[in-house]
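Readers should treat all values here as calculations from the given coordinates under stated rules, not as data from a laboratory. The model shown is predicted, which means the values in this text are computed figures rather than measured ones. Here Cβ is always computed from backbone atoms with ideal geometry, including for glycine, and neighbour counts include all displayed protein chains.
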Amino acid sequence: MAVHAHPDDESSKGAATTAKYAAEGDDVLVVTLTGGERGSILNPAMDIPGVLDRIEEVRREEMAEAAKALGVRQHWLGFRDSGLPEGDPPPPLPEGSFALVPLDEATEALVRLVREFRPHVMTTYDENGGYPHPDHIMCHKVSVAAFEAAGDPERFPDAGEPWTPLKLYYDHGFSLQRLLTFADEYEKIGDPFPMQEFLDRIRAAAAERGDIMTRVTTQIECAKYFPQRDDALRAHATQIDPNGAFFAIPLEMQQRLWPTEEFELARTRVRTEIPEHDLFAGIREADETATTAVEDES
């Protein structure tokens, strides 16, 4: 279960990993906490009459195409996008925004879905939300709370039969080390780095908090599924400019130089060894051990 704040987040964070597990036969559910109703139109080609007027419907259509590209199931949890407040100080969030919903209310909604879907693994954002959007930070809080509560029969007793997920991960997609790897390649071939502005921002953030790679415990080989990731990104046409930064580095270069997606194991109820190369590490082994024990008894 991959828990995300808005439609399009599932395509920019851990997307190739979800596509890989879905293609390998695992049941993968993307949970979208809000409808992305307050997202701006970031692709100039989509800033045309009639799109903003029906943005809620458009974002649902885009999400359906993205889920199809990734080969995953998707569920709307039904909360309302908070928008990204801008200003100094930032203005208050609109009434009814997801980030203002009582934590227990949002947690119960996700717990209900966890108990219905029964995931072994959950993924979400770290305490900074990946970046400090109020919905991303709330997504972190709700995901961690649901992971802890779903297996407890005393918590939210009306939200279904308890189910205990075994591992919780934070996805970490935008590391300084990854961008520097691509920048070094551009320097070797004598071309300007097309993501220099983004690199400068990530470098400044890393100087303040450290490179996120220091937190990574788990790298998933998924280069084969980068094309599906890109198709899913392009499906979010109001949010993703096909001529923008997400597509600035050639696919072949990405697959050759950095063929993985990165995660941090935040909670685990099974024994595993770090570094990992499988989100199900420790779970598959436990299943195999249990199966062997049953066969031996028979």
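All other residues whose Cβ lies under 11 angstrom from that of Val28 are scored, Lys and Arg at +1 and Asp and Glu at -1, for a net of -2. Residues in the stretch 197-208 carry Karplus couplings, in order, of 5, 5, 4, 4, 5, 5, 5, 5, 5, 5, 5, 7 Hz; the curve used is 6.51 cos²θ - 1.76 cosθ + 1.60 with θ = phi - 60°, and Gly or Pro positions show x. Apply the a/c threshold of 1.5 to the C-alpha gyration tensor of the stretch 52-122 and tell me whether it is rounded, prolate or oblate. Verdict is oblate for the stretch 52-122. Dipole size of the chain about its Cα centre, with +1 on Lys/Arg Cβ and -1 on Asp/Glu Cβ: approximately 180 debye, rounded to the nearest 20. With both residues required to sit in the chain, DSSP beta bridges show an antiparallel share near 40%.
Translational diffusion of the stretch 2-83, estimated by Stokes-Einstein from the Kirkwood radius over alpha carbon pairs at 10 °C in a medium of 1.306 mPa s, is 120 µm² per second.
Straight-line cross-link partners of Lys68 among the lysines, defined as a Cα under 30 Å from its Cα and at least 8 positions apart when in the same chain: Lys13, Lys20, Lys141, Lys167, Lys224.
Across the stretch 140-275, Cα-Cα pairs farther apart than 27 Å form 37% of the total. Remark: the stretch 164-177, residue by residue, has Karplus-estimated 3J(HN,Hα) of 9, x, 9, 9, 10, 10, 9, 8, 10, x, 10, 8, 4, 4 Hz, where x stands for each Gly or Pro and the curve is 6.51 cos²θ - 1.76 cosθ + 1.60 at θ = phi - 60°. Residues whose amide H comes within less than 5 Å of that of Thr218, counting only those at least five positions distant or on another chain, are Phe263, Leu265, Glu276 (H built at 1.01 Å from N in the peptide plane).
First select every other residue whose beta carbon is under 13 angstrom from the beta carbon of Val142; then total the charges, Lys and Arg +1, Asp and Glu -1. Every neighbour counted, the sum reads -4.
With kT/(6 pi eta Rh) evaluated at 20 °C and eta = 1.002 mPa s, and Rh the Kirkwood radius from Cα pairs, the stretch 29-171 diffuses with a coefficient of 131 µm²/s according to Stokes-Einstein. Across the stretch 152-162, coupling constants 3J(HN,Hα) worked out from phi with the 6.51/-1.76/1.60 Karplus curve, θ = phi - 60°, read 9, x, 8, 9, 6, x, 8, 9, x, 5, x Hz, and Gly and Pro carry x.
Overall form of the chain: oblate. Here a/c, set by the Cα gyration tensor axes a ≥ b ≥ c, is 1.5 or more, and a/b is not larger than b/c.
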